[in-house]
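Q: Can you read through this structure? Questions will come right after.
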Amino acid sequence: MSVGTLPGPRRGVQPVSLGSAWPTLGPLLVLFVFSAVFSFSTRTFLAAGNLSLIVQQSVIVGTLSIGQTLIILTGGIDLANGAITVLATIVAGRLVNDQNNPALSLLFAIVICIFIGLLVGLLISRLGLPPFIVTLGFLGIVTAATRLIAQGGAFPVTDDLLSWTGNAFNLGGAAVTYGTVVMIGLYLLVSYLLTQTAWGRHIYAIGNNREAARLVGIPVQNRLLSVYCFAALLYGVAAWLALGRIPNADPNALQNGNLDSITAVVIGGTSLFGGRGNIWGTLTGTLIVSVLRNGLTLSGIDPLWQDLVTGILVISAVALDQISRRKQR
Amino acid sequence: MHPPLLTHNGVSLSTNLFTQQAKCCSKRFLGIRNKNKGLLLAPLFLAALIGMCSQARAADQTIIGLVTKTEVNPYFVKLRQAATAEAEKHGAKLIPRFGKFDGDNEGQVAAIENLISAGAKGILITPNNSTGVLGAVKKARDKGILVIALDTATDPLDAVDATLATDNFEAGVKQGEYARKTLGNKTPKLAMLDGTPGGTVDTLRHNGFLKGFGIKEGDPAIVGKQITHGAQDEGQTAMENLLSAHPDINVVYTINEPAAEGAYAAIKAAGKTNDIVLTSIDGGRLGVEYVKGGKIAATVMQFPKIMATRGVDYVVDYAKDGKKPTGFINTGSQLITDKPFPDLPSKDTKWGLENCWG
Amino acid sequence: MPTPGKIVLEARRIVKRYGHVTALNGADLELRAGEVLAVVGDNGAGKSTMIKVLCGAVIPDEGEVILDGQPVRFHNPLEPRKLGIETVFQDLAVAPALDIATNLFLGREIRCEGALGFWFRRLDKGRMRREAEQEMRALKFHLPSIDSAVENLSGGQRQGVAVARAAIFAKRLVIMDEPTAALGVRESGQVLNLIRTIRDRGLPVILISHNMPHVFEVADRIHIMRLGRRVALTNPQRHTMAQVVAIMTGAVPGDETSANAAADSF
Ligand SMILES: Nc1ncnc2c1ncn2[C@@H]1O[C@H](COP(=O)(O)OP(=O)(O)O)[C@@H](O)[C@H]1O
Ligand SMILES: [Mg+2]
């Protein structure tokens, strides 16, 4: 409104409205409240060992959710991520079982992931097919391919490299797995990419207003392609983390990886409509789900409450997003 | 809900915390406008709810964890109910957990880890995949927790302290023998409706059936095999397809009774109920009723309640005197049919309905 | 009256068909240095299509575009931008969730100097912010804070951001499609001021508008379109608003003489 003068450099914090504060503060608040409740109501919740557990239990979904966040930020969605990760575990597991070089096997599995990401990305960016449909299709294709490769079996992994991410070192009494370190590293990396590089800004712009992004000269198709490839790379890394956590490549694993990661992203305050959100919210969202699962077990409460509470959180998060967006219009 | 043990600080503390939070959040921290208040506070209310539900336990109460494959399968529901009742009888506390789908190793591992954290004395588990959860089981055992596999054995068997299970191979043999006898001297045309490929139980039942039936894998008498995941809809589809490919099928193996129910629908639609011997295994109430109603010729009953109650008893004993059970403990199986053969020990459906698990 | 400038951009005999619809039917256009050229016409006259041809969003079926005496051919919106032609599109080309500085530099981000920028692709946020602020001040367009999200701005301020972005990066000319269409009186005033400021900095502007008072407020010359071609070229001194509207709607025939006369008097 005002044409009034407010010139000059002013870096000061603007009074934040609820709409913009909730996506960042809300998930943290929920995590804090749940943690506080569990630390009062159970004896062991705050024990170093228990906290380290919660993080370990978050590593796979936490990593899948990074890719999911990037894709949702562009206004897309990925239903195939868990399936892609499982395929990578099976490929790596089977190759190593057949006496191939472990490092090369793992690398090959990750390359396959990237290849799938490339196909998904091409269909979405070049042909303009809806991400929901393309990734739904790939969910089926990849799951079938996994079962064909596994031939009804599972592959126990004994190799040190493949299961390395499950090893732990001691940090102030808590066991920290290398997988955790890898995951945190990925979060830092993606946080940097999203906030400090043009690529990240373009991701937001594409999800926020695709036409505007095109008109200001952002190579929208290439950006989308890069997002799907990068996300697939992350799914490959998630496979490595999964083998560290459970050293057994099992075609039946991670069937809910897609929905679990969408849940984490949404609870973390990222808008399903794209263009809004941040990666640390996703980590918080993942932790909220793990804290619930852990805390409810410690309290001896029926595990069905976990699904119930998670469901309510998802709906609340989306409702808040919707309300704050409506206000902006 | 669990019986309240109202001797704790948990509730009052967490409720306090909740009210403080709510006040500070709603007024200053977020500067909420009225419209949104309800939504924002929803998680807080939930947290309070959890705070009130959770109970600080008496320090010496024995905690027993139960980790099943899924919650949807009524078999596991019965297992859990029996275990909960038995635990209550002994003044112990049973914490049930489950995977989200058949094969959810990650879910089972997390459940075991969290139960260790919760201070469980013993963990009863129906392991998903025989090798998938062994790492977590080892962690638990290293901590001195008694781990007993229920229903499904681990591979190797001694990855757990003891296994309480149906000898599924033996059960399969009973099913196969009965099928063969009923067929008489007709040339067998066998259709096999399997569960999940590679599953331990599936393999044992499948192979046991073939042994009892008196043929080997690859025998030309086997005209078709299909995967049903033990589900009725998939069982029906599989049977429909098999029947259209091989209309001369005269005997059917099913992995469980839901699959058999599906197969029956397909057989009935094809008008072949009198030409085909349909057999199953499991022994749920519905299964016994199918036998009684003539849908299934016979089923082989297993006894999950015994697994559950014995498992709980072992943990309670272990907590008292440190005595651990070992090895494979067969909880038995029983052929149920109303058309018995004198040389095959069986019980009728009346007995079956009295003794079935659900 | 500014001195008549040389021709910066010229379009000759442009034809563009969409199936059976002929959006442009041999349309001409010329823009001279230092002027605001208003393009007016009834709905469907072909204004937007003309502008899309000039900014590379639409490839014409026939005709040629000449920039500073050189024939050019645009295949996508990036090419004219590289040559210093900036466009403000009718549907606001801003990302509402992103802040003003980010929007101003969207697609043209500045990286840090040295290894940090080259190897780590790190953005020089401070510099972009400072430059954004400087530019907004130079354009005399005041915003609450360069850090606030565009969605928190009023419609006029948002349009201001889109216009400012064009002004910052344009080297040769700025094209605006209905920049005041969705704005109130006061907000329109802000944007019209902005247009004048841009012209006074030496950048010619093509302004498409429905709004006669706005056109008469800022335009140096008025280009009237009807049925896919230019029917008259005049200026606010020569014709009244009513006369322009009459030509626009076909009530009074436009003719090349009036066009030439206007061109001469300019
Ligand atoms: N993408 C398109 N597809 C088909 N017809 C179009 C398209 N764009 C414009 N037109 C048609 O071309 C004519 C000129 O449109 P336009 O240039 O938008 O006019 P104006 O901006 O002057 O209102 C109209 O009849 C319009 O319907
Ligand atoms: Mg138009």
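Rule-based calculations on the coordinates, nothing more; no lab input. Remember, it's a predicted structure, so these values are computed and weren't measured experimentally. Note that we place each Cβ from the backbone using ideal geometry, even for glycine, and neighbour counts take in every protein chain shown.
Q: Once the convex hull of the alpha carbons of segment B:297-358 is built, what does its volume come to per residue, in cubic angstrom?
A: Residue-normalised Cα hull volume stands at 97 Å³.
Q: Tell me the net charge near residue A:257. Cut-off is 14 Å between Cβ atoms, residue A:257 excluded, with +1 for each Lys or Arg and -1 for each Asp or Glu.
A: -3
Q: Let me ask something else. Based on Cβ point charges of +1 for Lys and Arg and -1 for Asp and Glu, what charge dipole magnitude is obtained for the protein assembly as shown about its Cα centre, in debye rounded to the nearest 20?
A: Magnitude of the dipole: close to 2340 debye.
Q: For segment A:63-120, what's the radius of gyration and Dmax over Cα atoms, in angstrom?
A: 12.9, 42
Q: Please quote Rg/Rh for segment B:127-199 to two decimal places, taking the Kirkwood radius as Rh and restricting both calculations to Cα atoms.
A: Here Rg/Rh amounts to 1.18.
Q: Could I ask something else about it? How big is the Kirkwood radius of segment B:195-256, worked out from every pair of different alpha carbons and given in Å to one decimal?
A: 12.3 Å
Q: Please report, in whole Å, how far the alpha carbons of the protein assembly as shown spread along each principal axis, starting with the longest.
A: Taking the Cα atoms of the protein assembly as shown, the three principal extents are 120, 68, 52 Å.
Q: Treat the count of other C-beta atoms within 10 Å as a stand-in for reagent exposure and order C:61, B:343, B:102 from fewest to most.
A: In increasing order of surrounding Cβ atoms, one gets B:343, C:61, B:102.
Q: Please provide three numbers in whole Å: the alpha-carbon extents of segment A:19-70 along the principal axes, with the largest listed first.
A: Each principal axis gives a Cα extent; for segment A:19-70 these are 37, 28, 12 Å.
Q: I need B:166, B:68 ordered by Cβ neighbour count within 10 Å, fewest first.
A: Going from sparsest to densest Cβ surroundings: B:68, B:166.
Q: Find the centroid of the Cα atoms in segment B:326-355 and in segment B:219-287, then give the distance between the two in whole Å.
A: That distance is 22 Å.
Q: Under a cut-off of 18 Å between alpha-carbon atoms, report the lysines in cross-link reach of residue B:323, not counting same-chain residues fewer than 8 places apart.
A: Correct list for residue B:323: B:121, B:143.
Q: Could I ask something else about it? Hey, if you drop one equal point scatterer on each alpha-carbon of segment A:126-200 and run the Debye formula without solvent, what base-10 log of I(q)/I(0) do you get at q = 0.20, 0.22, 0.25 Å⁻¹?
A: Here the Debye-derived log intensity ratios amount to -0.98, -0.97, -1.00.
Q: Could you work out the mean projected area of the convex hull around the alpha carbons of segment C:56-105, in square nanometres to one decimal?
A: 4.5 nm²
Q: Tell me, rounded to the nearest percent, the portion of alpha carbon pairs in chain C spaced more than 27 Å apart.
A: 39 percent
Q: Also, quick follow-up: Compute the Kirkwood hydrodynamic radius of segment C:170-211, taking the inverse of the mean of 1/r over all pairs of distinct Cα atoms, and give it in Å to one decimal.
A: 10.7 Å
Q: Taking a cut-off of 23 Å, what percent of all Cα-Cα pairs in segment B:215-358 are separated by more than that?
A: 45 percent
Q: Could you state the per residue volume, in Å³, of the convex hull enclosing the Cα atoms of segment C:201-252?
A: Dividing the Cα hull volume of segment C:201-252 by its residue count gives 87 Å³.
Q: Follow-up. For segment A:3-328, what are Rg and Dmax over the alpha carbons, in angstrom?
A: Cα-based Rg and Dmax for segment A:3-328 come out at 20.4, 74 Å.
Q: With a bin width of 5 angstrom, please list the P(r) values of segment B:62-115 as percents of all Cα-Cα pairs, from the 0 bin to the one holding the largest distance.
A: 5, 23, 27, 23, 16, 6, 1
Q: Step through the table entries B:181/B:216; B:225/B:305; B:295/B:347, compare each Cα-Cα distance with 21 Å, and write down the pairs that go over it.
A: With Cα atoms farther than 21 Å apart: B:225/B:305.
Q: Also, I was wondering about something else. Principal axis lengths of segment C:1-103 from Cα atoms, whole Å, largest first?
A: 42, 42, 27
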